[in-house]
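The values are calculated or read from the model by the stated rules, or taken from the named source; none is laboratory data. The structure presented is a predicted model; accordingly, all values stated were derived computationally and were not measured. Cβ placement follows ideal geometry from the backbone for every residue including glycine, while neighbour counts extend to all protein chains displayed. In case anyone asks, the SASA skips ligands and DNA or RNA and just uses the protein heavy atoms, side chains included. Shrake-Rupley method; radii C 1.70, N 1.55, O 1.52, S 1.80 Å.
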Amino acid sequence: MMLRESHAEGITRNQIEGALKILPVHPAMIRAVTRLKASEDPNATFFCLSSANQVFIDTILKDKNLDDLFYRIATNPAEWREDGLLVVRRRVDPTGPQHGCTLRCYPNMCKGEELTTFLAEHGEYDKVVYIGDGSNDFCPVVHLREQDTVFARRACGLQRRIEREGARAGLRCKVVYWDGAWEIEEAFATL
């Protein structure tokens, strides 16, 4: 609804894209992912799970020269209408079958289901490394194995859910809490 209200108030596509382009992405995070991607490790596959939308993600990635980073992005579809309104749809169509997640995923997408489907399509990986911060990252983290690692941002929803619900939900992966992007950069250098 906020996009319709902004459009009605005269906020333009250029203004929205401009705001997305100035969102800060820490240089250490950019270095971490670009170095790992450049390592040409055939098993280093980047998969993005986001409750945002395709237009927002594409705009930010292109602006940061990271538009070829991800093998796949699972998010809400979005497109600009001719009149400048950004229309975002749910990834899980509200009129179709709904996901059956019992871990309180948002109605628009079950990130655990998306991760499981992606992994099933692409075979077994030696390890999966998941970076998250929101409480909606809990479900896919529960699907990780003992050899996998989640980097959960400190003092955010994912850390709180791991501490409150992790054992009860059967969390098996290694958990590493982080505050700054430099910690991700250091960890990625060892992968």
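Which residue, ALA167, GLY100, ALA19, has the largest displacement toward the positive end of the dipole of the chain when charges sit on each Cβ (Lys, Arg +1; Asp, Glu -1)? The residue sitting farthest along the positive end of the dipole is ALA167. Note that segment 1-53 presents 68 Å² accessible area per residue, ligands and nucleic acids not counted, probe 1.4 Å. Taking the chain as a whole, the Cys residues whose C-beta sits 4.7 Å or farther from every other Cys C-beta are CYS48, CYS139, CYS156, CYS173. For the set THR59, THR116, THR102, solvent exposure ranked by accessible area (probe 1.4 Å, protein chains only) runs largest to smallest as THR102, THR116, THR59. Each of (i) 18.3, 56; (ii) 21.3, 76; (iii) 17.5, 51 is a candidate for Rg and Dmax of the Cα atoms in Å; the one calculated from this structure is (iii).
Report for segment 41-191 the percent antiparallel among DSSP-assigned beta bridges with both residues inside it, nearest 5. Don't skip to the end; give the middle numbers.
Details: 3 of 16 bridges.
Once the DSSP bridges in segment 41-191 are tallied, antiparallel ones form about 20 percent.
Taking the protein heavy atoms of the chain in the context of the full set of protein chains, the accessible area attributed to carbon and sulfur is 51 percent at 1.4 Å.
Summing Cβ point charges (Lys, Arg +1; Asp, Glu -1) relative to the Cα centre of segment 28-106 gives a dipole of roughly 340 debye. The dipole here belongs to the chain: it is taken about the Cα centre, uses +1 on the Cβ of Lys and Arg and -1 on the Cβ of Asp and Glu, and is about 500 debye. Sequence-ordered 3J(HN,Hα) estimates for segment 73-85 from the Karplus curve with 6.51, -1.76 and 1.60 and θ = phi - 60° stand at 10, 9, 7, 7, x, 8, 7, 7, 7, 4, 7, x, 7 Hz, glycine and proline given as x. Compactness of segment 11-57 is given as radius of gyration and Dmax, 14.2, 43 Å, from Cα positions.
For segment 87-92, backbone phi angles converted through the Karplus equation (6.51, -1.76, 1.60; θ = phi - 60°) give residue-by-residue couplings of 9, 10, 10, 5, 5, 8 Hz, Gly and Pro being listed as x. Among the listed pairs LYS37/LYS127; LYS21/LYS62; LYS21/LYS64; LYS37/LYS174, those with a Cα-Cα distance over 18 Å are LYS37/LYS174.
With the simple spin-label model, which puts each label point 7 Å out from Cα in the Cβ direction, the GLU9 to VAL176 separation comes to 4.1 nm.
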